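The next block holds one structure in the form of structure tokens; read it before the comments.
None of the figures in this text is laboratory data; all of them are computed from the coordinates on show. All values reported here derive from a predicted model rather than from experimental measurement. Cβ placement follows ideal geometry from the backbone for every residue including glycine, while neighbour counts extend to all protein chains displayed.
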Amino acid sequence: MTDPLRQGHEISYYPGETNFRMADVLIINKMDSAKKDSVKKLLANIKKFNPRAIVIKANSKLTVPNAHKIKGKKVLCIEDGPTLTHGEMFTGAATVAAQRNGAKEIVDAKKFAVGSIKGIYKKYFRLKKILPAMGYSKKQVKELERTINRSNADLVVSGTPIDFSSILKINKPLIHVRYDLEEIGKPDLKSVLKKFLKL
């Protein structure tokens, strides 16, 4: 799986670069939100570093339950922690969902951060507004919870792989955004896997 929003990472990060060079199949995801130039550069890197790979193009389709509740609201966006920190992204699915559905404001989570969450913003100083989902210990989970509860947001939109409603007690409504692979044309995974299973 490649990410054109982070084009260049496929040949500059370990172990991602190893996977990129060795893969039989490469999926270019997020075609619906990536810049055409980034996709073009990614395709050029595939041609240069792994020309034998089968390329599948796909969108990252967002599913936003109760999307109408976002409009006109002050929204706190929580994104996958490593995506924002080590992955060097500034936004994710929650931010996209909030913007597409007419949020009045993206709340600056940094202003309400406590404990180790505050430390994350100091360490990764380029992070702005968006709250990285950090929960590597019970203490950090509690600090994440306190950060959310201290905020002046009307609601929380989460774009993390895990649904936080099961582990956090928060004092605001939570919308958990899901994203699914939406393949564009052929080849697709089904045809590729069908051929592989026949071997």
Which residues, counting only those in segment 161-199, are farther than 21 Å from GLU105 by Cβ, part of a loop (DSSP other than H, G, I, E, B), under 24 Å from the mean Cα position of the chain (by Cα) and of a type outside the set (A, V, I, L, M)? PRO161, ASP163, LYS169, GLY185, ASP188
Scanning segment 27-54 residue by residue, those touching a residue at least 60 places away in the same chain (Cβ under 8 Å) and either of a type in the set (Val, Ile, Thr) or within 30 Å of ARG150 (Cα to Cα) (or both) turn out to be ILE27, ILE54
If ALA93 meets every condition in (1) in contact with a Gly (Cβ under 9 Å, 6 or more places away or on another chain); (2) without any contact (Cβ under 8 Å) to a residue 24 or more places away in the chain; (3) of a type outside the set (D, E, K, R) apart from one, which number is that one? (2)
Across segment 16-61, what is the number of residues that are among the polar types (S, T, N, Q) and either loosely packed, with under 13 Cβ neighbours inside 10 Å or over 22 Å from the mean Cα position of the chain (by Cα) (or both)? 3
Segment 143-197, subset small (Gly, Ala, Ser) and farther than 25 Å from LYS61 by Cβ, residue surrounded by the fewest Cβ atoms within 10 Å (Cβ to Cβ): SER151
Selection from segment 105-143 of residues in contact (Cβ under 8 Å) with a residue 40 or more places away in the chain, touching a Lys or Arg at 6+ places or on another chain (Cβ under 8 Å) and in a loop (DSSP other than H, G, I, E, B) yields VAL107, LEU127, LYS129
